[in-house]
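Peer 1: Here it is: the structure, laid out below.
What follows draws every value from the coordinates through simple rules; no lab data is involved. Just so we're clear, the structure is a prediction, and the values are computed from it rather than from any experiment. We place every Cβ from the backbone using ideal geometry, glycine too, and count neighbours over all the protein chains shown.
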Amino acid sequence: QKEVEQDPGPLSVPEGAIVSLNCTYSNSAFQYFMWYRQYSRKGPELLMYTYSSGNKEDGRFTAQVDKSSKYISLFIRDSQPSDSATYLCAMCWGSARQLTFGSGTQLTVLP
Amino acid sequence: GAGVSQSPSNKVTEKGKDVELRCDPISGHTALYWYRQSLGQGLEFLIYFQGNSAPDKSGLPSDRFSAERTGGSVSTLTIQRTQQEDSAVYLCASSSAASGNQPQHFGDGTRLSIL
């Protein structure tokens with residue numbers, strides 16, 4: 001079993017929809033949680049960065065962490081075609097160096 | 001400001017050749033990471049540098065892989081006697097601190113193809 005599980009999709013939604021992307025994890029030591037967006041042939045771009053449990057909002061994006069359930073989510077409101085990309089969750093613990101990534105979810109927002 | 005810069009963006013080489021991949025981190029970032037991204041394996045950690053400390057090489061898949069970081073800035077990842085399974089995108093990231101409380105920022109990677 002992988003430490004971080006992420007539904008690979010693909011996920012296709014109409015423009016304006018609310019998108020929910022999720023990851024589950026098994027290592028209770030994880031403290032820092034990130035969401036990256038990766039366009040084709042580009043590097044991962046940091047979208048959201050959260051510490052411990054709770055919600056964090058940035059524009060149309062909301063990151064949610066539930067450490068008791070070992071579950072994190074990214075919500076995208078009013079989705080746009082430009083949101084079409086692969087979304088990667090990533091996490092680490094405080095003294096760790098490397099990130100542990102989910103496998104990525106491929107999202108397409110149809111105009 | 002400038003982000004993480006990697007070169008070359010693409011590299012095609014024959015099996016058995018050596019390759020060198022370069023990473024120029026964000027100015028002022030003391031921590032530098034190499035990852036490999038391949039189909040079916042996702043993003044895998046390879047090696048980590050922090051300042052003048054000994055690197056964490058725990059993710060290197062074999063002794064054909066090595067990396068160095070000169071002057072605490074630019075890093076080179078070297079793959080000797082390349083094999084077809086080395087084909088992947090090699091990503092470099094940097095951060096302003098050694099631990100998880102500072103996020104990692106990635107370059108666009110080097111797409112390596114072994115014929």
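Peer 1: Hey, got the average number of other protein chain Cβ atoms within 10 angstrom for residues in B:29-42?
Peer 2: Across B:29-42, the average partner-chain Cβ count within 10 Å equals 2.
Peer 1: Another one. Around A:Asp7, which amide H atoms from residues at least 5 apart in sequence, or from another chain, sit under 5 Å from its own amide H, with H modelled in the peptide plane?
Peer 2: Close amide H contacts, sequence-distant or interchain: A:Asn22.
Peer 1: What does the charge add up to near A:Pro44, with Lys and Arg as +1, Asp and Glu as -1, over the other residues with Cβ less than 10 Å from its Cβ?
Peer 2: Around A:Pro44, the surrounding residues sum to 0.
Peer 1: To continue, here is another question. Show me, bin by bin at 10 Å from 0, the whole-percent P(r) of segment A:1-48 based on Cα pairs.
Peer 2: Here the calculated profile for segment A:1-48 is 18, 46, 32, 5.
Peer 1: Taking amide H atoms as placed 1.01 Å from N in the peptide plane, list the residues 5 or more away in sequence, or in a different chain, whose amide H sits under 5 Å from that of B:Gly109.
Peer 2: Counting only residues 5 or more places away or on other chains, the set is B:Gln6, B:Cys92.
Peer 1: Here's something else I'd like to know. Calculate one ³J(HN,Hα) per residue across segment B:80-92 by plugging θ = phi - 60° into the Karplus curve 6.51 cos²θ - 1.76 cosθ + 1.60, and present them in order as whole Hz with x for glycine and proline.
Peer 2: For segment B:80-92, the Karplus curve yields 9, 6, 4, 10, 4, 6, 7, 4, 4, 9, 9, 10, 10 Hz.
Peer 1: Using only alpha carbon pairs under 8 Å that are at least six residues apart, calculate the relative contact order of segment A:26-76 and give it in whole percent.
Peer 2: 27
Peer 1: I've got another one for you. Over chain A, what is the mean sequence separation of C-alpha contacts under 8 Å (at least six apart), divided by residue count, expressed as relative contact order in percent?
Peer 2: 38
Peer 1: Arrange A:Tyr32, B:Tyr33 by Cβ neighbour counts within 10 Å, fewest through most, would you? It would help to have the intermediate numbers written out before the result.
Peer 2: On the way: A:Tyr32 21, B:Tyr33 26.
Taking fewest neighbouring Cβ atoms as first place, the list is A:Tyr32, B:Tyr33.
Peer 1: Same structure again: Run through every distinct alpha carbon pair of chain B and return the Kirkwood hydrodynamic radius in angstroms, one decimal place.
Peer 2: Final number for the Kirkwood radius of chain B is 14.1 Å.
Peer 1: Kirkwood-based Rg over Rh for the protein assembly as shown (C-alpha set), two decimals?
Peer 2: My calculation of the ratio gives 0.97.
Peer 1: What's the exposure ranking of A:Leu88, A:Leu11, going from fewest to most Cβ atoms within 10 Å?
Peer 2: A:Leu11, A:Leu88
Peer 1: Here is a further query. What Kirkwood Rh does segment A:49-111 have if only Cα atoms enter the pairwise 1/r average? Answer in Å.
Peer 2: The Cα-based Kirkwood calculation yields 13.2 Å.
Peer 1: Once R0 is set to 41 Å, what does the formula 1/(1 + (r/R0)^6) return for the Cβ-Cβ distance between A:Leu46 and B:Arg81, expressed as a FRET efficiency to the nearest 0.05?
Peer 2: 0.70
Peer 1: Which ³J(HN,Hα) values in Hz, rounded to whole numbers, follow from the phi angles of segment A:70-86 under the Karplus curve 6.51 cos²θ - 1.76 cosθ + 1.60, where θ = phi - 60° and Gly and Pro get x?
Peer 2: Karplus values, whole Hz, x for Gly and Pro: 6, 8, 10, 9, 10, 10, 10, 8, 6, 4, 10, x, 5, 7, 5, 5, 9.
Peer 1: Can you sort A:Phe75, B:Phe45, A:Phe33 so the residue with the fewest Cβ neighbours within 10 Å comes first?
Peer 2: A:Phe75, B:Phe45, A:Phe33
Peer 1: Please report the equivalent ellipsoid semi-axes of chain A, computed as sqrt(5 x eigenvalue) of the Cα gyration tensor, largest first, in whole Å.
Peer 2: Details: eigenvalues 107, 41, 31 Å².
Values for chain A, descending: 23, 14, 12 Å.
Peer 1: While we're looking at this one, here's another question. Which lysines have a Cα lying under 20 Å from the Cα of B:Lys11, excluding residues fewer than 8 positions away in the same chain?
Peer 2: In chain and number order, the partners are A:Lys42.
Peer 1: Still on this model: Output needed: Cys residues of chain A lacking any neighbouring Cys C-beta below 4.7 Å, sorted by number.
Peer 2: A:Cys92 - these cysteines have no disulfide-compatible partner (Cβ-Cβ under 4.7 Å) in chain A.
Peer 1: Same structure, new question: Which distance in Å, rounded to a whole number, links the C-alpha centroids of segment A:66-84 and segment B:75-89?
Peer 2: About 34 Å separates the Cα centre of segment A:66-84 from the one of segment B:75-89.
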